[in-house]
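Just below is one structure, and these are the notes that go with it.
Values quoted throughout were computed directly from the atomic coordinates according to the rules given, and no laboratory measurement underlies them. Computed from a prediction, not measured in an experiment: that's the story for all the values here. Reconstructed Cβ throughout: ideal geometry from the backbone, glycine too, with neighbour counts over all protein chains shown.
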């Protein structure tokens, strides 16, 4: 962005450094002077929360890696050693395991916010696609991390998920053998998962840099979806956005701490405290909760190949949202029909999540199929058609006007993030 | 339609799902009763006397079949545990025979346990255990209290996040120890199985391990199977989660800090935004 003040180094050292590497100005223009719409609500704090959580996961992960042994005979006991004998090892592990869950909580809220306010639309398509890539990387990283403790669920989740690739015609079997590094999930599988689980967070960090770069080129969207027009529409990132983000990071940490200190195993599965046993299949294999909606889509479809295709499509379709949505209006606040279909979509995803945790029999399968149909219809039927038929509400002329019109300038104060807004 | 309609649809959808839930899932085993545990809730910690009683049961009854491989004798003297002194833990260790070696002659040998040793397993390997116990392998008990649970379904599991229910493992263990009843009419017990109303599938391999008065208590605690179940389940919870006391203590400190810190951030935020909110025509504010 141009037009906002640039960094003026004061100390002799910073003046010297700035002429050789203008890092001060990079930080200043990105995180201090960067103009941010004045009407952002608290849903916009989840980007900062995600950056914070990535940091937490990397720091705890690096320390856990110092104590973990990636070998089928020692992995389970080394994790228990962390819990029992490493100083504050229990804290590191519970923080990392629950941190992964809360990373996904934050990313789902972040994505839902983007969908509600049309943040994927022109000129933010690349920003959005980078976000979908980040989500995919998170899914892969989270899955591999779940395998590392080498409990029963770790082992069988690895078996079930890697076996999905066998659905690919002709080469499927060879791909699975190649992924495993053998003819069953075993030590080579665990070793490579560990290697990749350590690598991918840094790939995520790299894509996050691109994501933030794209954000700073296009500028932030806002609850009206109307681009900032004058300086009155924006405030400086620091202190306005930083203090707001910090406050919500604090609240987020309270919820996270509740889980870590009081119910650390609530989100886990008790079977993962049983060491992996290739000879004994658990009665009920379930993935971590954050994959359950996709798991329900997979199981709802009787053909394995079609199920796997639907599973992959359910995530990849997100990348095409900017083009599937034909409406020129961004924010759902001005799109009454889209708003309703979107809330039903959110409910359908939560419903699929519940169904994914249940045994795939009878009514559950039928319900999962109905919700799967809605999931895809939302993208391929509802989104394109709504743009043609929906009667949208009039947009405010500017952000300032929307802030002023309500008497109290609500936009800047932000509504409490409970339930649906507007 | 307005927002209320949308919410109504969402709730209807959720209700529909629950309907499916209750209609389809027939509970295989009864849910064990939820007991009050000294270590439940935000300030709950282990009861030392109970852990000592539970250890006595483990030692006199369970340990003849079940290993406790991840625990060491020194753990008995750890803070937040049963509260034995180091001397007591060493004395307990000395009553166990531990395989060590090889010695200078290349032989493995037996010696009395030391405080740094891990609890020796009752059988040299899984195959030996199966051979001695009619093909059944008793699970290791180190993580058992976290490795067992039961289904209690929607919406209770949501509620449990708020009530901090994490004692499903001990409840299940207590339930199993008290769940040996006569089979329901028409239930065909497979050979070698015992009927247990809380065991998934009802046919458990383990014969009823405890009966009233079997283990002697010196502190006047009733010697009933119900009490034994509570004590040994508490001991096994400690074995699976020996850092629970430290976790809850640190948790309270972290919570107090985070709440105060977040409140300060909130008031700082209010102060920072005050000018923007109350003078919308204000020139674009500059960074401080």
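Mind grabbing the base-10 log of I(q)/I(0) for chain A at q = 0.10, 0.11 Å⁻¹? Debye formula, identical points on the C-alpha positions, no solvent, two decimal places. With no solvent term, the Cα-only Debye profile gives -0.79, -0.94. Debye-formula intensities of region B:123-208, expressed as log10 I(q)/I(0) at q = 0.24, 0.25 Å⁻¹, are -1.21, -1.24 (one equal scatterer per alpha-carbon, no solvent).
Here the protein assembly as shown is treated as an ellipsoid with the same Cα gyration tensor; its semi-axes, largest first and in whole Å, are 51, 30, 25. Which residue fluctuates most in the GNM of chain B (Cα springs below 10 Å): B:244, B:264, B:210? Per the Cα network of chain B with a 10 Å cutoff, B:264 tops the list. Can you compute the helix-only [θ] at 222 nm over chain B? Use -39500 (n - 2.57) per DSSP H run of at least 4 residues, normalise by all residues, nearest 500 deg cm²/dmol. Dividing the helical sum by the residues of chain B leaves -14000 deg cm²/dmol. For the segment A:332-345, counting C-beta atoms of other chains within 10 Å of every residue's C-beta and taking the mean gives 2. Taking every residue in A:254-264 and counting other chain Cβ atoms within 10 Å of its Cβ, the average works out to 6.
Placing dummy labels 7 Å off each Cα toward the beta-carbon, the span from residue A:283 to residue A:87 is 4.4 nm. Its DSSP H runs of at least 4 residues, each contributing -39,500 (n - 2.57), put the calculated 222 nm mean residue ellipticity of chain A at -19500 deg cm²/dmol, to the nearest 500. Between residue A:8 and residue B:34, the C-beta separation translates, for a Förster distance of 60 Å, into a calculated FRET efficiency of about 0.40. When every alpha-carbon pair in chain B is counted, what percent end up more than 32 Å apart? Pairs farther apart than 32 Å: 46 percent.
When B:109, A:104 are arranged by Cβ crowding within 10 Å, least crowded first, meaning fewest neighbours, the order is B:109, A:104.
With one equal scatterer per alpha carbon and no solvent term, the Debye-computed log10 I(q)/I(0) for region A:1-160 at 0.10 1/Å reads -0.58. Pick from A:46, A:247, A:76 the residue whose mean-square fluctuation is largest in a GNM of chain A, springs joining Cα atoms under 10 Å. Largest GNM mean-square fluctuation: A:247. Volume per residue for region A:292-393 equals 90 cubic angstrom (convex hull of Cα atoms). Take each residue of peptide A:368-375, count the partner chain Cβ atoms within 10 Å of its Cβ, and average: the result is 1. Relative protection proxy for B:213-226, B:90-103, from highest mean packing down: B:90-103, B:213-226 (other beta-carbon atoms within 10 angstrom).
Along its three principal directions, the equivalent ellipsoid of region B:158-288 from the Cα gyration tensor extends over semi-axes of 57, 21, 10 Å, largest first.
Ranked for footprinting exposure by Cβ neighbours inside 10 Å, fewest first, B:151, B:86, A:80 give B:86, B:151, A:80. Summary value for region A:1-51: 38 percent relative contact order, contacts being C-alpha pairs under 8 angstrom separated by 6+ residues. For the residues B:115, B:173, B:158, a GNM of chain B with alpha-carbon springs under 10 Å puts the largest fluctuation on B:158. From least to most packed, judged by other beta carbons within 10 angstrom and beginning with the fewest, B:65, A:253 follow the order B:65, A:253.
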